[in-house]
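As structure tokens, the structure follows; a few thoughts come after it.
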Amino acid sequence: MSTDHEIQFWLLVLGYVVNKKRKRRRQTVRNYWVHPLTSQRFSKGQFHLRYGDLRTCPKRFFNYFKMSIGTFDELLEFLRPALIRSDTQMRLAISPEERLCVTIKYLATGQSFTSLHFRFLIGKATIRLIVRETCKAICDTLFKVFMPEPTKEKWMQIAEDFYATTSFPNCVGALDAKDIRMKMPPNSGKRHWDASKHSFVLLALVDSNYSFITIDVGAYGATGCCSIFKKSTLGRKLKEGKLKLPEYRPLPGSSSNPMPCVFVADEAFGLSENILRPFPTRNITPIRKVFNYRLIRARRMIDGAFGILANKWRVFYSPIQLEANFVQDIIKAACVLHNVVLLRDGFVFEQILNNPLHDVSWSTVRGPASGMLVRNTFADYFVSPQGEIPFQYEKV
């Protein structure tokens, strides 16, 4: 037998063996309608073993689900209509309680679907479907309830709370963006992999209580904060004058010209009449140092909000290996749950000290003259008798 014929012969043998193994594997899978391990869900699954006992111990329930029993029950009642499924002749439907437990456990731990499969004894594909459907239900049902579009009265209340908490007048929110990383999707090929296009930006505006006022998800991580903000719903409404912000008003105790309501941000955002960022540190004057300190003091609310979000919902601790639309639903659902739990249960101070989320790349953008005038007016006010705070000079 020639060499070519030998090669063809052994290739045929190898193909026969591989096809036989595949056929045997398919036959093995068909032997089970429900795998013996999964069939023990009602007797050995974590939900059926632990859920009832945890409800008798509020502290352990909170440690397990990252929320109180009352908050969980309220959340469940909101979501129940969207999570109910009908029983069939083949199997019993998974209850809304169990679906919500699985989803919260995924968001709170970031465990893989395989790990959750062995915990809850639910099929891996079913776990995936449950998490996706529940996150979608949270976004559709609760987004407008716990993150409604602010009215003029709401903006004024936010400004008053900011001034009482941070001594920064006319401030209606702290603005920032963070990178939510994704792993390379399976079968995508390294030649077509672009890390900058496989991370989503979470653009958020928060109040003085660390709650999200509004969020925007969907831009790629390489876009840059300034461009992301301009293209976001918040940025477009601000430009078109549709945000319903309060009218210009004088700074407290001052007789100077009325000032607009402003968002405090970092260097990544463009300076404007409604967005204040720090002065450059090169050749900085004492007055500008005081302004930078006061602005950073107000901006700490957004850093604290991101810290609470990531430390409670640890799915953000590592890159997420899921499809783009799925990741967007996870980010939005986690932000809604952040507001729900913060409103009902509060937060632990230690959660704001560590922020594992990554900053978004940015480039310097020169602001217009009107924005510079507003910033200079605030800077002068902060060193005036009406606007200074006793300890600000110790911090610069």
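Laid out as a table, the results:
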item	result
Criterion (closer than 21 Å to K332 by Cβ and of a type in the set (V, I, T)) met by exactly one of T109, T88	T109
Elements of type helices (runs of 4 or more DSSP H) contained in the stretch 1-95, each with 2 or more residues being at pLDDT 85 or above, basic (K, R) and not assigned by TED's automatic domain parsing to the domain that holds D345	58-65
Single match in S196, S188 (criterion: modelled with pLDDT under 95 and either part of a helix (DSSP H, G or I) or under 28 Å from T377 (Cα atoms) (or both))	S196
Qualifying positions in the stretch 199-239 - modelled with pLDDT under 75 and either outside any strand (DSSP E or B) or surrounded by fewer than 19 Cβ atoms within 10 Å (Cβ to Cβ) (or both)	Y220, G221, A222, T223, G224, C225, C226
Qualifying residue in the stretch 336-359 (condition: assigned to a helix (DSSP H, G or I), assigned by TED's automatic domain parsing to the domain that holds R282 and touching a Cys at 6+ places or on another chain (Cβ under 9 Å))	yes
Residue list for the stretch 259-293, restricted to those being aliphatic (A, V, I, L, M) and in contact (Cβ under 8 Å) with a residue 12 or more places away in the chain	M259, V262, V264, A265, A268, L271, I275, L276, I287, V290
Per-region count, the stretch 314-369, residues of a type in the set (G, A, S), farther than 29 Å from L129 by Cβ and surrounded by 13 or more Cβ atoms within 10 Å (Cβ to Cβ)	2
Those residues of the stretch 50-95 which are among the aromatic types (F, W, Y) and either closer than 22 Å to L342 by Cβ or under 22 Å from the mean Cα position of the chain (by Cα) (or both), in sequence order	F61, F62, Y64, F65, F72, F78
Only listed residue being within 30 Å of P250 (Cα to Cα) and either assigned by TED's automatic domain parsing to the domain that holds S208 or at pLDDT below 95 (or both), chosen from S363, S318, S384	S384
Flag for R282 being surrounded by fewer than 19 Cβ atoms within 10 Å (Cβ to Cβ), out of contact with any Ser or Thr (no Cβ under 8 Å at 6 or more places or on another chain) and not in a helix (DSSP H, G or I)	yes
Residue list for the stretch 325-340, filter: closer than 16 Å to F65 by Cβ and in contact with a helix residue (DSSP H, G or I) (Cβ under 6 Å, 6 or more places away or on another chain)	A333, A334, V336, H338, V340
Restricting the stretch 268-288 to residues that are basic (K, R) and closer than 12 Å to N376 by Cα, the residue that is nearest to the chain's Cα centre (by Cα)	R277
Close pairs (6 angstrom Cβ cut-off, 6 or more residues apart or separate chains): more than 14 Å from L142 (Cα to Cα) in the stretch 322-346, polar (S, T, N, Q) anywhere	L342/S211; R344/T71; D345/S68; D345/T71
Subset of the stretch 158-182 that is of a type in the set (G, A, S) and assigned to a strand (DSSP E or B) - its residue that is farthest from P385 (Cα to Cα)	A177
Residue check for A298: assigned to a helix (DSSP H, G or I), over 30 Å from Q111 (Cα atoms), touching a helix residue (DSSP H, G or I) at 6+ places or on another chain (Cβ under 7 Å) and not β-branched (V, I, T)	yes
Failed condition for G387, given (1) over 13 Å from the mean Cα position of the chain (by Cα); (2) assigned to a helix (DSSP H, G or I)	(2)
Residue selected from the stretch 119-153 under the condition of a type in the set (F, W, Y) and touching a Lys or Arg at 6+ places or on another chain (Cβ under 9 Å), by the criterion farthest from F78 (Cα to Cα)	F120
In the stretch 131-175, the residues that are surrounded by fewer than 23 Cβ atoms within 10 Å (Cβ to Cβ) and among the polar types (S, T, N, Q)	T141, T151, Q157, T165, T166, S167
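The values are calculated or read from the model by the stated rules, or taken from the named source; none is laboratory data. Bear in mind the structure is a predicted one, so any value in this text is a computation, not a measurement. So basically every Cβ, Gly included, is an ideal-geometry build from the backbone, and we count neighbours across all protein chains shown.
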